[in-house]
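Here the structure comes first, spelled out in structure tokens, and everything after it is commentary.
Where a number appears in this text, it was derived from the coordinates with a stated rule and is not lab data. Keep in mind the model is a prediction, meaning the values are calculated, not measured. For neighbour counting, all protein chains shown are included, and Cβ atoms are generated from backbone atoms with ideal geometry for every residue, glycine included.
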Amino acid sequence: GCQKIINKMEIQLEKHQLKKEVKLIKTGCFGLCEAGPIVIVHPEGAFYSRIKEKDVEEIVEEHLLKGKVVTHLLFKGAIDGDQVKPIDEVDFYKKQQRVALRNCGLISPEDIEEYIAFDGYKALSKVLTEMTPEEAIDEVKKSGLRGRGGGGFPTGLKWEFTAKAEGDQKYVACNADEGDPGAFMDRSVLEGDPHAIVEAMAIAGYAVGADMGYVYIRAEYPIAVARLQIAIEDARKFGLLGKSIFGTDFNFDMEIRLGAGAFVCGEETALINSIEGKRGMPRPRPPFPAHKGIWDKPTLLNNVETYANIPQIILNGAEWYSSIGTEKSKGTKVFALGGKINNTGLLEIPMGTTLREVIYEVGGGIPNGKAFKAVQTGGPSGGCIPADHLDAAIDYDNLISLGSMMGSGGMIVMDEDNCMVDIARFFLDFTVDESCGKCTPCREGTKRMLEILERITEGEGEEADLNKLESLAKTIKNTSLCGLGQTAPNPVLSTLHYFRHEYEAHVKDKK
Ligand code: SF4
């Protein structure tokens, strides 16, 4: 509904002759989806939420003309008595540290000059004029940044492998094929700050010796695609893409490739096949993309959030970045928080923040006074973590030790009313649909698992089904070709582990 509000605001600014004094900026997502559409008036930082067309006149006449904050339109957490709270003191933002999302919700994503005004392309200038490619790689290595797409592989090491790989032509690629149900981290970065990705990919190109980049993005993200296209064209006009960037001998350009909605194309080798115009099916690894990627050339592939951190690491230094987070998981992580939670939205927290802090402080707790039951992290590849582990610090290793994973950052909260067997069935249904069919364990095994789960939820299951389910799940994990099949049983295994009594109750209630 934001476009209607912008149109109305423009009419009001014109009517009151405020167009010169007030700059109206259409930004990307500011994170608190629950409260949208949001209007923020600076310099006070008054945080108006759930704004409707009819509210615009009041904001203009009271706040912009008379300087009086319209308190009844403020987000309920943005006011304390009659004091307007600055945004970073609103509960949802208090524990957050925005590195990848630094510009989202603040600048116009369609105006390169705004990005430049917020230190945009300064990191690219720094690497091209002050650093060798090896120094740039070293900085990323020292930062401790790990792949934010789910794997958690050390980013600097990946850069080094690609730089050292032999090849007359190299590529950098960006995985923007975000397909987890309930995940919208990459979409928000691309919609809110597309130049960060353009800049980071150019930096990566310089570091690994590539002169061409591809962004593989879902066609279902039309706003992200359009804004990224504008960013690429504007960067070319400003000489920040193309030949002799910043007067150096570094040339780099990039293009967009659209994905057609296959979840498996988020797997790196399937993504490469799809970029080449082939059917998006995974290839066996090795060879890894760093040696044989797009058109068999060495290719560096990172996801959107990983790239979004790069300009800040170059500008502020590896030491600054590695001072955030835990020993083995440095920096921050973006999560899409959804399900049974008061503050649905997009957040970025330092690694090491606990699940409890995210759910009760940032997320504002469970609606209608219901009890928390579990949180599912890692999308369809992840697992469900119960209330006993709410004090676990969020990092790659902790989540794996709890039978889940970081994944790309989906976080879905369940309350006492959710049936965990149904949740497992929902995610498995998704992976059965998305299995590409290339290898037998995933193609056939996930279907058999779904049949057993359906039997159980329909009251036709038997005690023996639980063991069958478990043994099938372990076989599929161990024998599937790609990450999709290797992780598809996770929601079933983790719910069997923590909520076996719910499965048993279904079996006992047999018709
Ligand atoms: Fe395809 Fe599943 Fe095998 Fe991956 S694991 S190659 S998605 S069938």
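Structure above, values below:
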| quantity | calculated |
| --- | --- |
| Set Lys292/Lys468; Lys158/Lys468; Lys170/Lys330 screened for pairs whose C-alpha atoms are more than 30 Å apart | Lys292/Lys468; Lys158/Lys468 |
| Rounded Å value of the spacing that divides the Cα centres of the range 427-465 and the range 346-364 | 33 Å |
| Contact order normalised by residue count of the chain, Cα under 8 Å, 6+ apart, percent | 14 percent |
| Inter-site label distance for Glu504 and Phe426 at 7 Å from Cα along Cβ, in nm | 2.5 nm |
| Protection proxy ranking, peptides 444-451, 281-288, 78-85, average beta carbon neighbours within 10 Å, highest first | 444-451, 281-288, 78-85 |
| For the range 208-247 versus the range 1-63, the gap between their alpha-carbon centres in whole angstrom | 30 Å |
| Of Lys373/Lys477; Lys68/Lys370; Lys328/Lys447, those spanning more than 28 Å from alpha-carbon to alpha-carbon | Lys68/Lys370; Lys328/Lys447 |
| Span-like helix ranges in the chain, DSSP H, alpha carbon extent 18 angstrom or more, Kyte mean at least 0.5 | 194-208, 420-434 |
| Low-density loop positions, GluC sites (Glu not before Pro), the range 282-355 - DSSP coil, at most 15 other Cβ in 10 Å | Glu327 |
| Inter-part distance where the range 309-327 and the range 478-511 are each reduced to a Cα centre, Å | 38 Å |
| Global form of the chain, assessed from the alpha-carbon gyration tensor, a/c cut-off 1.5 | oblate |
| Long pairs among Lys4/Lys95; Lys19/Lys76; Lys23/Lys66, criterion Cα-Cα beyond 21 Å | Lys4/Lys95; Lys19/Lys76 |
| Nearby aspartates and glutamates by direct alpha-carbon distance to Lys438 (threshold 15 angstrom, same-chain neighbours under 8 apart not counted) | Glu267 |
| Qualifying GluC sites (Glu not before Pro) for the range 172-276 [loop in DSSP, other Cβ within 10 Å: at most 15] | Glu220, Glu276 |
| Cα-based reach from Lys20 at 17 Å (exclusive), listing aspartates and glutamates while leaving out same-chain residues under 8 positions away | Glu10, Glu61 |
| DSSP-loop chymotrypsin sites (Phe, Trp or Tyr not before Pro) across the range 31-78, with at most 13 other Cβ within 10 angstrom | none |
| Per-residue [θ]222 nm for the chain (sum of -39500 (n - 2.57) over DSSP H runs n ≥ 4, rounded to 500) | -11500 deg cm²/dmol |
| Packing-based order for 384-394, 149-159, using average beta carbon neighbours within 10 Å, highest first | 149-159, 384-394 |
